[in-house]
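Take a look at the structure below.
What follows draws every value from the coordinates through simple rules; no lab data is involved. Note that this is a predicted model, so its numbers are computed, not measured. In this analysis, Cβ positions are derived from the backbone assuming ideal geometry, glycine residues included, and neighbour counts consider all displayed protein chains.
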Amino acid sequence: MTGAESLLRTLLAGGVDTCFMNPGTSEMHFIAALDRVPGLRSVLCLFEGVCSGAADGYARATGRPAATLLHLGPGLANGLSNFHNARKARSPVVCIVGEHATPHLKVEAPLTSDIQAFARTVSNHVRTAQSADDIGPATAETIAAAWGPPGEVATLIVPADYSWSKTEILGQSIAPLAVPFPCNQALDAAARLLREPGTAILLGGKSVNERALKAAGRISAATGTRIITARNVAKIASGRAFYPAPQVPYFPEAALPFLADIQNLILVEAERPVSFFAYPSTPSYMTSDSCRDFVLAARGEDGTAALEALAEGLPPVVLPSIAIPKAPMEDVGLTLDHIGLTLAALLPENSLVSDEMVSSAGKILDHLKSAAGHEFMPVTGGSIGQGLPVATGAAIGCPGRKVVALEGDGSGMYTPQSLWTMARENLNVVTVILVNRRYRILEIEMQRTGAHGFGEKAESMLDIGNPDLNWTGIARSLSVSATCATTARQFSSHFRDAIRQTGPSLIEALLE
């Protein structure tokens with residue numbers, strides 16, 4: 001058995017059965033070992049940012065870690081953006097990076113780099129295998145670190161000569177640590193705060209699931225406590241089937257009044273809300289200076305169980321009946337409201353929605369509140385290029401569920417290679433590209449940051465319609481069926497057809 005085989009067999013023993021790969025010369029022995037180690041699903045991606053984003057999406061959708069296999073420091077560097085998003089989502093990911101053979105490190109070859117330095121920017125655990133015999137134990141250690149709790153990106157660096165050397169040692173599977181329950185003192189203190197005016201509960205981490213929302217709804221109905229959701233969460237139970245817990249708004253101008261009356265903020269796997277960016281005359285924290293934070297459940301603790309304990313004995317909440325909207329069929333120019341209404345009317349039950357709508361999100365998300373019950377995977381770390389890869393990984397992890405990727409045209413161009421993997425794996429993904437031919441979010445931020453002197457050169461930096469992007473052509477060139485919609489009727493018709501078919505499809509939605 002080679003070191004590479006030991007690594008793959010240890011992955012399987014540790015419950016990691018899927019690996020998103022973009023290998024190079026240093027990883028060829030891992031590729032050769034795939035045929036000798038049945039049971040590990042290897043998924044080829046054409047760009048490392050797709051690997052890292054897909055592993056994030058897989059973890060969000062399933063709650064289990066996937067692995068990535070990347071080539072040396074530059075390959076890891078190409079994936080850092082979506083590893084950053086995975087870290088903010090607390091997604092468990094096992095990142096395996098090939099390294100030059102140890103004797104070759106002395107000669108400063110062109111691709112030699114400080115891989116550990118790259119890895120530490122996104123990983124809480126970084127380990128370099130010290131021998132072929134060490135690969136198995138190091139792999140088991142890395143899997144355990146990825147599990148957490150909370151989940152994290154854990155990186156293992158494997159020199160090529162150790163991967164081709166012989167070994168008889170496999171890593172011993174390490175059971176994931178149990179997620180701890182918050183202490184009784186925290187529960188008692190939170191129960192007292194619920195009786196005080198101006199108290200709200202902020203849900204984050206894994207505590208925005210169906211069970212948690214049911215418990216939070218019972219608490220709110222009995223005490224009047226506001227229930228809200230943090231922004232950088234991995235997955236939210238959403239739609240008319242679940243108790244509504246609105247997210248903290250993105251822009252400070254909306255977030256500050258949204259949170260202004262809160263005097264006691266009970267944090268459940270969440271942190272105090274902060275602004276995405278600094279702006280002139282705008283505070284960094286979105287709650288008032290007089291607001292007191294109280295941690296009921298920290299990241300890595302069981303916030304869902306804590307909410308259920310607080311709600312024990314309280315009556316269930318009957319959700320108000322929400323009328324199912326009808327998909328618009330007018331022959332008029334396509335707007336975000338038309339798209340939102342169509343999604344609310346036609347989104348399949350139990351689907352997974354990957355969001356990277358950026359400036360288009362607000363209006364569409366308002367409509368999704370009345371959609372069938374689904375799970376929504378929002379932007380977490382704010383690094384562009386996560387939407388399509390997250391949808392890819394979610395579809396790999398949950399083949400029985402429809403996945404819908406809602407993607408801006410500018411952000412979609414960061415990782416369009418995802419479409420190729422969707423086609424190669426015949427993934428059940430409907431991609432909707434919202435086309436405004438602008439970096440609209442930057443246009444908004446230009447005004448909000450007080451950057452004056454907006455002239456011709458500045459305007460050209462926000463214009464992605466010169467030349468136009470042809471998303472229908474891009475998708476078809478990557479073997480994904482694609483249609484274009486310019487009216488409300490066309491979009492509703494195309495979306496209805498897309499959710500009925502299996503395999504990947506794309507709708508280019510040209511906004512009015």
Anisotropy class of the range 63-119 from Cα gyration tensor, a/c 1.5 cut: prolate
Estimated dipole of the chain in Debye, rounded to 20 [Cβ of Lys and Arg +1, of Asp and Glu -1, Cα centre]: 880
Lysine pairs meeting the criterion (Cα under 24 Å, 8 or more apart or interchain), as found in the chain: 17
For semi-axes √(5λ) of the Cα gyration tensor in Å, calculated from these coordinates, the label among (i) 46, 25, 21; (ii) 39, 23, 23; (iii) 37, 30, 22: (iii)
Protection proxy ranking of 81-92, 197-208, 182-193 - average other beta-carbon atoms within 10 Å, highest first: 81-92, 197-208, 182-193
Helix-derived mean residue ellipticity, 222 nm - over the chain, DSSP H n ≥ 4, -39500 (n - 2.57), to 500: -11000 deg cm²/dmol
Centre separation in Å (Cα based) which lies between the range 320-358 and the range 15-68: 33
Cα Rg over Rh - the range 38-162, Kirkwood: 0.96
Value of Rg/Rh across the range 336-510 [Cα atoms, Kirkwood radius]: 0.97
